[in-house]
1. What residue, among those in region B:145-184 that are among the polar types (S, T, N, Q) and in a loop (DSSP other than H, G, I, E, B), is least open to solvent (accessible area, probe 1.4 Å)?
2. Let me spell it out: the conditions are (1) within 10 Å of chain B (Cβ to nearest Cβ); (2) of a type in the set (Gly, Ala, Ser); (3) in contact with a strand residue (DSSP E or B) (Cβ under 6 Å, 6 or more places away or on another chain); (4) surrounded by 15 or more Cβ atoms within 10 Å (Cβ to Cβ), and residue A:87 meets all of them except one. Which number is the exception?
3. Of the residues B:353, B:364, B:411, which single one is crowded, with 20+ Cβ neighbours inside 10 Å, on the phi < 0 side of the Ramachandran plot and either within 9 Å of chain A (Cβ to nearest Cβ) or part of a loop (DSSP other than H, G, I, E, B) (or both)?
4. Scan region B:433-461 residue by residue and report those that are β-branched (Val, Ile, Thr) and open to solvent by 20 Å² or more (accessible area, probe 1.4 Å).
5. For region B:311-331, how many residues meet the condition of being over 22 Å from residue B:258 (Cβ atoms) and surrounded by fewer than 20 Cβ atoms within 10 Å (Cβ to Cβ)?
6. In the set B:124, B:136, B:155, which member is of a type in the set (Asp, Glu) and without any contact (Cβ under 8 Å) to a residue 60 or more places away in the chain?
7. Which one of the conditions (1) modelled with pLDDT of 95 or more; (2) surrounded by fewer than 24 Cβ atoms within 10 Å (Cβ to Cβ); (3) within 27 Å of residue B:439 (Cβ to Cβ) does residue B:89 fail to meet, given that it meets all the rest?
8. Within region B:414-448, how many residues turn out to be within 7 Å of another protein chain (Cβ to nearest Cβ) and under 15 Å from residue A:123 (Cα atoms)?
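The values are calculated or read from the model by the stated rules, or taken from the named source; none is laboratory data. Just so we're clear, the structure is a prediction, and the values are computed from it rather than from any experiment. Reconstructed Cβ throughout: ideal geometry from the backbone, glycine too, with neighbour counts over all protein chains shown. Calculation scope for accessible area: heavy atoms of the full protein, side chains included, ligands and nucleic acids excluded. Shrake-Rupley method; radii C 1.70, N 1.55, O 1.52, S 1.80 Å.
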Amino acid sequence: MAKFLGVIIDEKRMAAIKGTPLEEKVESIFGGALRRLVIEVPDDLGQKVIDQFTKARFDARGFIEETPAAFKRAIFKRIAEMKELSAAVVEKVLAEDLEKVKEEAAKEDKELPVPDIDISDVLELQKNPVQKPA
Amino acid sequence: MPEVRIKTLPPPHGGKLVDRVVRDPEMARKLMQKCSAVYDIKPTLFKGNPVRNVYREIMSVCYGFFSPVEGSMTKAELESVLEKRRLLSGWVFPYPILFDISEEDFKKLGVGAGDWLLLRLKGEPFAILEIEEVYEIVPGDVAVRTFGTPEKNPEVVKVPFDQKHTGYNIYCSLNPIILAGKYTIINEPKLREPFNRFWYPPKRAREEFEKRGWTTVIAHQTRNVPHTGHEALMKNAAYIGDVKPCDGIVVNAIVGAKRIGDFPDEAIVEGHEMVHLAGYIKPDRHLVTFTLWDMRYGNPIESLIHAVIRQNMGISFHMFGRDHAALGEYYDIFATQILWSKGIPSFGFEAPPYAVDGGFYIRPQNIEEFWFCPKCKEFAYSANCSHKGIYSRYSGSFIRGLINEGVMPPPEIYRPEVYKVVVKWWQKFGYPFNNEKYLKEREERLEVDLPHMELPAHLKK
Ligand SMILES: [Zn+2]
């Protein structure tokens, strides 16, 4: 069975591949709520990726998950540059970008920037909990 | 005609709820007088990292979650649990519950059978262990027999357990000396925020159900901040009941030592609470609770401790999904559902655990899977929706990946209010998931604080 590597395509990434053949390869998931590109890789290459990162694993659908965000960034950069969705993209990242990816990933394990969103509505809801301590 | 309505809560497992908490300080002082030594509870370490704290088991025993178990198991009881998944009394019980201590500490304490040992937690008196028996174990053997092997349990065990399995590591890391005997909490700990409002030991849970007029209640096991798939599961599974859907949906989170990459327990309990605060399930039908237990990830074996806990709480039904409380691919992904639909003879179940002697009143609700289907326009049940290529399956690791990349999960995956609870704890811990720093600090902080209690003079050094 082949394995898969999904890369989420946000507005910024979409802009970077606009007008290339990659654009029509973008698939929508969760009813269009998210978009992604998927690279299919042979089993052994999939395993090679997993071996690089302690948390990485295949999920129930055969997707390689829990790789560092830095790895996904590197993959996307190479996709945009090579304009293809092949195993060669993954091989290129493993061959040339791995050291830098691991360096950034080590920082990721300690701290991740908190999203800049307003959470005051939930803090307000939590002021009147239904359940109270005994 | 048989009565189809369920009019009462199921009885406690073993017939009677265990309550071994002394709330009178005068009585506590008297009991401490009988202790001959003091021991400071230490976490169980695997490669230097805390993977278990026996205090959680003492809490779960004394507050009745593990009824009818009353303490650390004797050698005969341990053997019976490992061999048959039964206590000596015949009641089903899946896991060894043990108070382990190193040879060095044992020599230092100088205690033996018949002595009472005062256990201290966070520097304060916490509980008493009435030592009934002292014996040795080979931790690796206990670990292997706890989870099973492909040879002995071919129905569901696919590969031998190894050091990538957290639960296996917990048993392998136990100290070799076991002090068996009953536990009694003599200094009631105070649950910390935010856990205090979710603390519903069996007695309190049953009182709450009665107050709310609930007789049909379904349990949802969780170790996650709930996404919309979990929510669909809870709501749909709750259509089981008697002549109407279940009165109550009880979320019971397992709180304890966790793995890197899981959500912090604080976000898990508050995330579930947000489901009712934000109105997705009415709060009068929904109760968020937790049990202190260092998850063993024993899939079918773990489902049995879940049944013990939740039946003791007064719950009548239990949702069991695919990969229930699983980690890795040691067990068949349907192992828990196999156990709860036809039994696993090699683990002592010729029939499902509700149909064997010493078994449960709680009934399983074995559920397949929910996914998001834009064509059905709903969170569809896998046995209904056949829109392959259109629906999107949920994957916890996919969702963690989104968060990791800084992408806000869409409302199709997370209710915005629930995601904001994740962000709240992200702000506090600097990280959305358990990382090394969090795990280390939480095992020092624990979930409780202990009031100051003076040691009796004869125990002061
Ligand atoms: Zn559908």
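1. The qualifying residue least open to solvent (accessible area, probe 1.4 Å) is B:153.
2. So residue A:87 meets the others, but not (1).
3. After applying the criteria, what remains is B:353.
4. If the condition is that a residue be β-branched (Val, Ile, Thr) and open to solvent by 20 Å² or more (accessible area, probe 1.4 Å), then no residue fits.
5. Qualifying residue count, region B:311-331: 0.
6. On the way: B:124 fails: without any contact (Cβ under 8 Å) to a residue 60 or more places away in the chain; B:155 fails: without any contact (Cβ under 8 Å) to a residue 60 or more places away in the chain.
Just one listed residue meets the conditions, B:136.
7. (3)
8. 7
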